[in-house]
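Student: For reference, the structure I am asking about is given below.
The values are calculated or read from the model by the stated rules, or taken from the named source; none is laboratory data. A quick note: this is a predicted structure, and the numbers were derived from the prediction, not measured. Don't worry about glycine lacking a Cβ; one is built from the backbone with ideal geometry, like all the others, and counts go over all protein chains shown.
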Amino acid sequence: MSRRVLILGGHGFMGSWLTQSLRTAGAVVIAPTRAEADMSSSSALKQVVEQAHPDTVINLAGISSVAHDNLEHLYDVNTLGHLRLLQAVSDVAPSVRVFLASTANLYGEGAEGRAFRETDAPAPRNHYANSKWGAEQLHRLFSELETCAVRPFNCTGRGQGAKFFIPKVVRAFRKRDAEIELGDIAIRRDIVDIRDVCAMWEALLAAPKPPAVVNFGNGEAVAFSGVIETLERLSGHSLRILRSEQFLRTADIAYQCADTAIIAGLGYRRKYAINETLAWMLAEENVP
């Protein structure tokens, strides 16, 4: 892989893994800090693009929290920040491909046994999803650019913050806690190992022409209760689950699953099953 890739948000969870993966594959990766690539500053973004001389730009710099309570900041970073980036690329390097890390959250509630296709109409149920949907809509207004919106489902792996369900539960099992407070564990989601996510990115970046929209998922809905059962089996430890109103949200999505035809058509093949992902995370050392 001989390309120059500018990654905004390259020091976050997905960004760190992707930076390492692409460099291992031979790419030159430029990953400026949040201060250097200020998503609220058009001039800063233009300067970053000018200095990087990329052939590919990946925007991972969004706020990824459904519970983020500063709505003006959320839309400024996720929607207007992407607008500023698109304008910077259009002004400085219009031949560069631009990839947006959007979210499968924008599909809304799924139907049992049915996978979301990229052509399904979005039905965002929270401001986070709506801010990403707004960012995607901007691509149509920059027809001079080659753009792609990536919709990851539930990504997880080592290094993910404990505010997310799986690393939170893995941490409790690793510490052999007696109990844990959780929300609705009947939720079923398409959970993707971050190492497989990186493989999806590599397949997508290698495509002669990227699709306008692509799901990053496995096509398998896994119950959060099943994650707990698997961790009990792997660790030989049991937790008392305390249902907490604190972790229940009215906009929670009970079921989501990805249609994976497009990413599979680009050559991606899943490598890690959910039990392998959980065992890998459980065995992580030097984690407080």
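Student: Restricting to the range 79-109, name every residue that is touching a helix residue (DSSP H, G or I) at 6+ places or on another chain (Cβ under 8 Å), within 23 Å of M200 (Cβ to Cβ), of a type in the set (A, V, I, L, M, F, W, C) and in a helix (DSSP H, G or I).
Tutor: Passing the criteria: L85, L86, V89, L106.
Student: Just to verify a result, which residue in the range 38-72, among those that are among the small types (G, A, S) and modelled with pLDDT of 95 or more, is surrounded by the most Cβ atoms within 10 Å (Cβ to Cβ)?
Tutor: Residue satisfying both the conditions and the ranking: A61.
Student: Of the residues D120, D69, which is free of Cβ contacts under 8 Å to residues at least 60 places away in the same chain, closer than 28 Å to A162 by Cα, not hydroxyl-bearing (S, T, Y) and not in a helix (DSSP H, G or I)?
Tutor: The conditions single out D69.
Student: Output the number of residues of the range 4-14 satisfying the condition of being closer than 21 Å to Q160 by Cα and surrounded by fewer than 20 Cβ atoms within 10 Å (Cβ to Cβ).
Tutor: 1
Student: Another question, if that's okay. Tell me which strands (runs of 3 or more DSSP E) are completely within the range 193-255 and hold 1 or more residues being of a type outside the set (S, T, Y), more than 16 Å from the chain's Cα centre (by Cα) and modelled with pLDDT under 95, or say none if there are none.
Tutor: Output list reads 240-243.
Student: Six or more apart or on different chains, Cβ atoms under 8 Å: show the pairs whose first residue is in the range 266-286 and loosely packed, with under 14 Cβ neighbours inside 10 Å and whose second is assigned to a loop (DSSP other than H, G, I, E, B).
Tutor: Within 8 Å, the pairs are G267/A206.
Student: From the list A212, A162, A223, which one is closer than 22 Å to H82 by Cβ and surrounded by fewer than 16 Cβ atoms within 10 Å (Cβ to Cβ)?
Tutor: A212
Student: A further question follows. Answer with yes or no whether S131 is free of Cβ contacts under 8 Å to residues at least 40 places away in the same chain and either hydroxyl-bearing (S, T, Y) or in contact with a Cys (Cβ under 7 Å, 6 or more places away or on another chain) (or both).
Tutor: Against the criterion (free of Cβ contacts under 8 Å to residues at least 40 places away in the same chain and either hydroxyl-bearing (S, T, Y) or in contact with a Cys (Cβ under 7 Å, 6 or more places away or on another chain) (or both)), S131 does not qualify.
Student: Let me ask something else about it. Among the listed residues D76, D38, which satisfies the condition of being charged (D, E, K, R), in contact with a helix residue (DSSP H, G or I) (Cβ under 6 Å, 6 or more places away or on another chain) and not in a strand (DSSP E or B)?
Tutor: D38
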